[in-house]
Structures are given as structure tokens and as C-alpha cells.
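All remarks here apply to the structure that follows.
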Amino acid sequence: MNHSSLGRAHKAGGGGLAISQTIAEAHGGTLKIQSTLGEGTSVTVRLPNQKLPQTTQV
């Protein structure tokens, strides 16, 4: 999912969904959003059950 369209598609303010997606992906996970007009929105964050190898940033 594209970060720039994430907030607009789900009418979020402040970029919270895009930040959440970035954090989930940085940990090898995913962010899934399901929304039904008049019923509400469900956000599911899935993270792996194992540690990812550490990387060194330069």
C-alpha cells in the first residue's frame, strides 16, 4: 500500500496510519485496514514471532 494514499483512502488525519505501516514493515510485519461505511474500521497489525537480524546503518 502506498503511504501517500493510505491516509486519503481511509480519511485519516495526521499520518498515523502511514507511520504505523512504516513501523510494522520495518519489523517485517504488515498493516491491514478494513472499513465498512456505517459500521466502522478494523486495523490489524501482524508482526513476525521471531527477531529479524540487526542491520547497521551508515
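The values are calculated or read from the model by the stated rules, or taken from the named source; none is laboratory data. The shown structure was predicted, so the numbers you read here are calculated from the model rather than taken from an experiment. Quick note on the areas: whole protein, heavy atoms, side chains included, nothing else; ligands and nucleic acids left out. Shrake-Rupley method; radii C 1.70, N 1.55, O 1.52, S 1.80 Å.
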Going through the stretch 37-58 in order, the residues found to be among the polar types (S, T, N, Q), open to solvent by 70 Å² or more (accessible area, probe 1.4 Å) and not in a loop (DSSP other than H, G, I, E, B) are Thr41
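Would you confirm whether any residue within the stretch 10-30 is at pLDDT 65 or above, part of a strand (DSSP E or B) and open to solvent by less than 80 Å² (accessible area, probe 1.4 Å)?
Yes: the stretch 10-30 contains one or more residues that are at pLDDT 65 or above, part of a strand (DSSP E or B) and open to solvent by less than 80 Å² (accessible area, probe 1.4 Å).
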